[in-house]
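To start, the structure under review is shown below, and the notes come after it.
The values are calculated or read from the model by the stated rules, or taken from the named source; none is laboratory data. From a predicted model like this one, the values you see are computed outputs, not experimental measurements. Don't worry about glycine lacking a Cβ; one is built from the backbone with ideal geometry, like all the others, and counts go over all protein chains shown.
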Amino acid sequence: MTTAPYNYSYIFKYIIIGDMGVGKSCLLHHSGVSFMEDYCPHTIGVEFGTRIIEVSGQKIKLQIWDTAGQERFRARDVTYEEAKQFAEENGLLFLEASAKTGENVEDAFLEAAKKIYQNIQDGSLDLNAAESGVQHKPSAPQGGRLTSEPQPQKESCSC
(Lines give C-alpha, C1' and ligand atoms only; values in the text may rest on other atoms or scores of the structure.)
Protein backbone atom coordinates (compact mmCIF):
# COMPACT_ATOMS: atom_id res chain seq x y z
CA MET A 1 0.00 0.00 0.00
CA THR A 2 1.35 3.44 -0.83
CA THR A 3 0.20 6.81 0.42
CA ALA A 4 1.16 10.37 -0.36
CA PRO A 5 3.97 11.81 1.76
CA TYR A 6 3.10 13.94 4.76
CA ASN A 7 3.10 17.60 3.86
CA TYR A 8 4.06 18.68 7.38
CA SER A 9 6.63 17.65 9.99
CA TYR A 10 4.70 18.32 13.20
CA ILE A 11 1.17 18.74 14.52
CA PHE A 12 0.78 21.38 17.25
CA LYS A 13 -2.50 21.08 19.16
CA TYR A 14 -4.00 24.24 20.66
CA ILE A 15 -7.05 24.28 22.92
CA ILE A 16 -9.01 27.51 23.34
CA ILE A 17 -10.72 27.61 26.73
CA GLY A 18 -12.74 30.21 28.59
CA ASP A 19 -16.19 31.24 29.72
CA MET A 20 -19.21 31.15 27.41
CA GLY A 21 -19.56 34.17 25.14
CA VAL A 22 -16.02 35.56 25.48
CA GLY A 23 -15.01 34.98 21.84
CA LYS A 24 -13.34 31.55 21.73
CA SER A 25 -15.02 30.62 18.42
CA CYS A 26 -14.17 34.03 16.97
CA LEU A 27 -10.50 33.41 17.82
CA LEU A 28 -10.66 30.17 15.87
CA HIS A 29 -12.29 31.88 12.91
CA HIS A 30 -9.78 34.76 12.94
CA SER A 31 -6.80 32.36 13.18
CA GLY A 32 -6.60 31.86 9.44
CA VAL A 33 -8.37 28.51 9.65
CA SER A 34 -11.63 30.01 8.42
CA PHE A 35 -13.46 33.30 8.87
CA MET A 36 -17.08 34.15 9.63
CA GLU A 37 -17.73 37.86 9.20
CA ASP A 38 -19.70 39.58 11.99
CA TYR A 39 -21.00 36.32 13.45
CA CYS A 40 -19.51 33.64 15.65
CA PRO A 41 -22.14 31.04 16.63
CA HIS A 42 -22.24 29.38 20.02
CA THR A 43 -20.25 26.16 20.10
CA ILE A 44 -21.98 22.95 21.11
CA GLY A 45 -19.40 20.47 22.34
CA VAL A 46 -16.07 20.99 20.59
CA GLU A 47 -15.10 22.22 17.13
CA PHE A 48 -11.67 22.37 15.56
CA GLY A 49 -9.90 23.68 12.53
CA THR A 50 -6.52 23.01 10.98
CA ARG A 51 -4.01 25.08 9.09
CA ILE A 52 -0.49 24.39 7.81
CA ILE A 53 2.14 27.06 8.44
CA GLU A 54 5.89 27.25 7.93
CA VAL A 55 8.36 27.90 10.75
CA SER A 56 12.11 27.91 10.07
CA GLY A 57 11.58 25.97 6.86
CA GLN A 58 9.45 23.28 8.54
CA LYS A 59 5.78 22.78 7.69
CA ILE A 60 3.67 22.55 10.82
CA LYS A 61 0.01 21.63 11.05
CA LEU A 62 -1.86 23.68 13.65
CA GLN A 63 -4.85 21.85 15.09
CA ILE A 64 -6.93 24.43 16.97
CA TRP A 65 -9.68 23.13 19.25
CA ASP A 66 -12.55 25.38 20.31
CA THR A 67 -14.33 24.23 23.46
CA ALA A 68 -17.86 25.19 24.43
CA GLY A 69 -17.87 27.55 27.41
CA GLN A 70 -18.31 25.11 30.27
CA GLU A 71 -18.09 25.39 34.03
CA ARG A 72 -14.98 23.19 34.15
CA PHE A 73 -13.19 25.67 31.86
CA ARG A 74 -14.10 28.72 33.95
CA ALA A 75 -11.60 31.50 33.43
CA ARG A 76 -10.55 34.10 36.00
CA ASP A 77 -10.72 37.81 35.24
CA VAL A 78 -7.24 39.30 35.38
CA THR A 79 -5.85 42.68 34.51
CA TYR A 80 -3.47 43.28 31.62
CA GLU A 81 -0.65 43.82 34.13
CA GLU A 82 -1.42 40.59 36.03
CA ALA A 83 -1.47 38.58 32.81
CA LYS A 84 1.78 40.12 31.58
CA GLN A 85 3.51 39.49 34.91
CA PHE A 86 2.30 35.87 35.00
CA ALA A 87 3.61 35.30 31.46
CA GLU A 88 7.00 36.83 32.29
CA GLU A 89 7.35 34.83 35.52
CA ASN A 90 6.54 31.58 33.73
CA GLY A 91 8.43 32.11 30.48
CA LEU A 92 5.24 32.33 28.45
CA LEU A 93 4.42 34.27 25.32
CA PHE A 94 2.32 37.37 26.04
CA LEU A 95 0.49 39.03 23.18
CA GLU A 96 -2.80 40.92 23.34
CA ALA A 97 -5.33 39.98 20.66
CA SER A 98 -8.96 40.80 19.89
CA ALA A 99 -11.52 38.10 19.19
CA LYS A 100 -13.91 40.85 18.08
CA THR A 101 -11.71 42.59 15.47
CA GLY A 102 -9.24 39.78 14.79
CA GLU A 103 -6.31 42.08 15.61
CA ASN A 104 -3.16 40.05 16.45
CA VAL A 105 -5.07 36.73 16.52
CA GLU A 106 -3.12 35.17 13.67
CA ASP A 107 0.12 36.56 15.15
CA ALA A 108 -0.67 34.93 18.49
CA PHE A 109 -1.01 31.48 16.92
CA LEU A 110 2.07 31.96 14.72
CA GLU A 111 4.26 33.30 17.55
CA ALA A 112 3.16 30.41 19.79
CA ALA A 113 4.10 27.95 17.02
CA LYS A 114 7.53 29.58 16.68
CA LYS A 115 8.09 29.30 20.45
CA ILE A 116 7.00 25.64 20.48
CA TYR A 117 9.29 24.84 17.54
CA GLN A 118 12.18 26.62 19.29
CA ASN A 119 11.51 24.50 22.41
CA ILE A 120 11.63 21.35 20.28
CA GLN A 121 14.94 22.41 18.73
CA ASP A 122 16.61 23.26 22.04
CA GLY A 123 15.36 20.03 23.66
CA SER A 124 13.23 21.68 26.34
CA LEU A 125 10.03 20.08 24.98
CA ASP A 126 9.70 16.30 25.30
CA LEU A 127 7.89 15.06 22.19
CA ASN A 128 7.30 11.69 23.88
CA ALA A 129 5.20 13.29 26.63
CA ALA A 130 1.50 13.06 25.76
CA GLU A 131 0.82 16.40 27.46
CA SER A 132 3.20 18.24 25.11
CA GLY A 133 0.42 18.69 22.56
CA VAL A 134 2.90 18.00 19.76
CA GLN A 135 3.10 15.07 17.38
CA HIS A 136 6.10 14.46 15.15
CA LYS A 137 5.28 13.08 11.73
CA PRO A 138 7.83 10.74 10.12
CA SER A 139 9.74 11.93 7.07
CA ALA A 140 8.97 10.38 3.73
CA PRO A 141 11.64 7.89 2.59
CA GLN A 142 13.63 8.33 -0.64
CA GLY A 143 11.37 8.82 -3.63
CA GLY A 144 8.89 10.86 -1.60
CA ARG A 145 6.46 8.01 -0.92
CA LEU A 146 5.55 6.20 2.25
CA THR A 147 5.22 2.47 1.90
CA SER A 148 4.24 -0.34 4.17
CA GLU A 149 4.66 -4.07 3.88
CA PRO A 150 1.58 -5.89 2.59
CA GLN A 151 -0.47 -7.27 5.45
CA PRO A 152 -1.41 -10.96 5.36
CA GLN A 153 -5.14 -11.52 4.81
CA LYS A 154 -7.06 -13.01 7.71
CA GLU A 155 -8.81 -16.22 6.72
CA SER A 156 -12.07 -15.29 8.43
CA CYS A 157 -12.13 -11.73 7.17
CA SER A 158 -15.06 -10.99 4.87
CA CYS A 159 -14.20 -7.36 4.23
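See the values below:
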{"item": "Answer from Glu81, Glu131 - the residue that is at pLDDT below 90, surrounded by fewer than 12 Cβ atoms within 10 Å (Cβ to Cβ), part of a helix (DSSP H, G or I) and at negative phi", "result": "Glu131"}
{"item": "Candidate set: the range 1-57, residues that are modelled with pLDDT of 80 or more and loosely packed, with under 14 Cβ neighbours inside 10 Å; chosen: the one farthest from Ala113 (Cα to Cα)", "result": "Asn7"}
